[in-house]
Amino acid sequence: MLPLAQMIQKRDGDAAQAYVDRQNIGIIPEIRVIVNDPKTDSTTRDIAYGYLRRVRTLDSALLLAQGLGEGGRSNSVLGLIENPRAEVYPILKAKLLPPREEKNKKLLLVMVQMPVPEEQRIADIKPYLEASYYETRYGALFGLALLNEPGSLERMAHELGTDRRQRKQDFLTIFYEYRAWRTPKFVPVLIPVLNDPLPLEDIGVRRRNEDGSESSMTPEELRYVRAWDYALNIIVKTLKLDVPFKIADNVTYSKAQRDLVKQKLRDLGYTVTDEPYPVTAAQ
């Protein structure tokens, strides 16, 4: 067994990290062997992909692209966003299934952030607005909105009024997890969510770990937040608003706190009302 694989399986993270740092780009061939070995278990494979994020070369990006959807989990997604390369785009595109079959919204969300001509990205992503799986449609919609495709923001507004809790959660989570969409351009789309009437316990809070993985909160911390909590959190962080209260993932904000944020938005020139998006039936 290769040294890195042994350290990973022994859960000796400090030794593994020190080994990777010493090897630098020389670690890439070893990781390639580990992730391509059919005997490698899924956890070891994913952790090995994670170490590629510290070696930002073309070879590491190509290997991360290979792993997206095939064992790389969140590490492949984050690694490619951190080290975008035009050369990986054909690999990602080849992974796309037809719109009737594709279920991996992350693939679309990564593709749109790769440095290839916008018209190519739009042409490849646009058919997935009509995908059978709703999360895939959301991935396409966010991608096209990032590329300023006409009508995308209006369709985002429609989706943010959905009466399906899970779909609202999935939609807002993309804003939350991907920095590309946490920009001032999208703040107007989120403002009406500050008034969202869905009751408490509509959106489950999950923890983002340092290695890019995701886990549920511990039983003691397990809780839910309203859609407006997600929106307020994203808006304050995006615009770096100075507010006199704590901004955290698992906080339920009061009406007074939301009103303060809304006033700050008005002061910045945004149009703010007390109306939520009209409720729309999920497609």
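List the aspartates and glutamates whose Cα sits under 20 Å from the Cα of Lys10, skipping any in the same chain fewer than 8 residues away.
Asp21, Glu30, Asp37, Asp41, Asp46, Glu210, Asp211
What GluC sites (Glu not before Pro) in segment 1-97 are in a loop by DSSP, with at most 16 other Cβ atoms within 10 Å of the Cβ? Intermediate values should be presented prior to the final figure.
On the way: sites: Glu30, Glu70, Glu82, Glu87; in loops: Glu70.
Counting only loop positions with at most 16 other Cβ atoms within 10 Å, the GluC sites (Glu not before Pro) in segment 1-97 are Glu70.
Counting Lys and Arg as +1 and Asp and Glu as -1, what is the net charge of the other residues whose Cβ lies under 14 Å from the Cβ of Asp37?
That sum, taken over residues with Cβ under 14 Å, equals -1.
For the chain, what does the accessible surface come to per residue with a 1.4 Å probe? Please give it in Å². If you can, show how the numbers build up before the last one.
Working: 13800 Å² over 283 residues.
Value for the chain: 49 Å² per residue.
Give a residue-ordered list of calculated ³J(HN,Hα) values for segment 168-182 (Karplus: 6.51 cos²θ - 1.76 cosθ + 1.60, θ = phi - 60°; whole Hz; x for Gly, Pro).
Computed from phi, the couplings for segment 168-182 are 5, 4, 4, 5, 5, 5, 4, 4, 6, 8, 10, 4, 4, 9, 8 Hz.
If I model a spin label at Arg56 and Gln9 as a point 7 Å from the Cα along the Cα→Cβ vector, what separation in nanometres do I get?
According to this spin-label approximation, the distance is 3.3 nm.
Describe numerically, in nm with one decimal, the distance between label points set 7 Å from Cα along Cα→Cβ at Ile25 and at Ala248.
According to this spin-label approximation, the distance is 4.4 nm.
Mind listing which trypsin sites (Lys or Arg not before Pro) in segment 34-133 are in a DSSP loop and have 16 or fewer other Cβ atoms within 10 Å? Walk me through the intermediate numbers first.
Values: sites: Lys39, Arg45, Arg53, Arg54, Arg56, Arg73, Arg85, Lys93, Lys95, Arg100, Lys103, Lys105, Lys106, Arg121; in loops: Lys39, Arg56, Arg85, Arg100, Lys103.
Listed in order of number, the matching sites are Lys39, Arg56, Arg100, Lys103.
Given springs between every Cα pair under 10 Å in a Gaussian network model of the chain, which of Ile234, Ile174, Ile247 has the largest fluctuation?
Taking springs between Cα atoms under 10 Å, the residue moving most is Ile247.
Near the amide H of Thr162, under 5 Å away, which other amide H atoms are found, from residues 5 or more places off or on another chain, if H is placed in the peptide plane?
Those qualifying (amide H under 5 Å, at least 5 residues apart or on another chain) are Thr280.
What does the extension gain come out to for Glu275 and Glu118, with contour length at 0.36 nm per residue minus their alpha carbon separation? Please report the intermediate quantities before stating the final value.
Details: separation 157, 0.36 × 157 = 56.52 nm, distance 3.48 nm.
Here the segment from Glu275 to Glu118 would lengthen by 53.0 nm.
So what is the 222 nm mean residue ellipticity for the chain from helices alone, if each DSSP H run of at least 4 adds -39500 (n - 2.57) and you divide by all residues, rounding to the nearest 500 deg cm²/dmol?
Details: 15 runs with 145 residues, N = 283.
Result for the chain: -15000 deg cm²/dmol, rounded to the nearest 500.
May I ask for the distance between the Cα centers of segment 33-81 and segment 121-170, given as a whole number of Å?
Here the answer is 27 Å between Cα centres.
Taking a threshold of 28 Å on the Cα-Cα distance, which of the pairs Lys39/Lys103; Lys95/Lys126; Lys105/Lys262 fall above it? Spell out each step's value before the answer.
Values: Lys39/Lys103 26 Å; Lys95/Lys126 16 Å; Lys105/Lys262 31 Å.
Among Lys39/Lys103; Lys95/Lys126; Lys105/Lys262, the Cα-Cα distance tops 28 Å for Lys105/Lys262.
Share of segment 132-173's accessible area from carbon and sulfur, percent, 1.4 Å? Walk me through the numbers on the way to the answer.
On the way: 710 of 1540 Å².
Roughly 46 percent of what the probe reaches on segment 132-173 is carbon or sulfur.
Using only Cα atoms, find the angle between the long axis of helix 227-239 and the longest principal axis of the chain, and express it within 0 to 90 degrees, rounded to the nearest 10.
70 degrees
The values are calculated or read from the model by the stated rules, or taken from the named source; none is laboratory data. In this text the structure is predicted, and so the values were computed from the model without any measurement. Counting neighbours? That spans all protein chains shown, and the Cβs are built from the backbone with ideal geometry, glycine included. The accessibility values were calculated without ligands, DNA or RNA, using every heavy atom of the protein model including side chains. Shrake-Rupley method; radii C 1.70, N 1.55, O 1.52, S 1.80 Å.
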